[in-house]
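Beneath this line is the structure, given in structure tokens, with notes to follow.
The numbers here are math on the coordinates, done by the rules we state, and not lab data. These figures come from a predicted structure and were not determined experimentally. We place every Cβ from the backbone using ideal geometry, glycine too, and count neighbours over all the protein chains shown.
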Amino acid sequence: MKRSSQQGMAVINALVVVMAVSIATMGIVQRQSALATQLASERDYMQANWLLRGALDWAVLVLRLDLQRSAVTHKGGLWAQALSELKIETPDKTRAAYFSGYIQDEQGKFNLALLLSDGRIQARYV
């Protein structure tokens, strides 16, 4: 073989090696990116879960405070006051979430008078 054809093969081999390394590197970068996205999603899920737990604790506290004030449940009670846009920040203040919520009296929505009509129990309301 001539020297010029060997140099051509060396260039082709070098290009093949560079292409293989590039493909391998691209795969590694894609896996790292997917892992980073997955970790961020898990972090956000856990933070949302803790916010939900905090909201439930808030509801329990409000209901207990309302019970201490009055044994009668009415729509003007402490529990009926909505909480709007309470800012919750991380300790380093780099991220924040806004919490809004209210408590509904589901039992207060049920009309017991509908259970009985003409002395008969109405099955569809049971």
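Here Ala97 meets each of (1) surrounded by 10 or more Cβ atoms within 10 Å (Cβ to Cβ); (2) farther than 21 Å from Ala40 by Cα with one exception, condition (2). In the set (1) part of a helix (DSSP H, G or I); (2) out of contact with any Gly (no Cβ under 9 Å at 6 or more places or on another chain), Ala71 fails one condition alone, (1). Screening Glu85 against (1) surrounded by fewer than 10 Cβ atoms within 10 Å (Cβ to Cβ); (2) part of a loop (DSSP other than H, G, I, E, B); (3) among the acidic types (Asp, Glu) leaves a single unmet condition, (2). Among the residues that make up the range 38-52, is at least one of them in contact (Cβ under 8 Å) with a residue 24 or more places away in the chain and either over 26 Å from Tyr98 (Cβ atoms) or touching a strand residue (DSSP E or B) at 6+ places or on another chain (Cβ under 9 Å) (or both)? Within the range 38-52, one or more residues are in contact (Cβ under 8 Å) with a residue 24 or more places away in the chain and either over 26 Å from Tyr98 (Cβ atoms) or touching a strand residue (DSSP E or B) at 6+ places or on another chain (Cβ under 9 Å) (or both). If only residues of the range 54-78 that are touching a residue at least 24 places away in the same chain (Cβ under 8 Å) and either at positive phi or within 29 Å of the chain's Cα centre (by Cα) (or both) are counted, the one that is surrounded by the most Cβ atoms within 10 Å (Cβ to Cβ) is Val62. So which residues in the range 79-91 are farther than 13 Å from Ile103 by Cα and without any contact (Cβ under 8 Å) to a residue 24 or more places away in the chain, if there are any at all? The answer is Glu85, Leu86, Lys87, Glu89, Thr90, Pro91. Assessment of the range 25-32 against the conditions (surrounded by 10 or more Cβ atoms within 10 Å (Cβ to Cβ), not charged (D, E, K, R) and not in a helix (DSSP H, G or I)) yields no matching residue.
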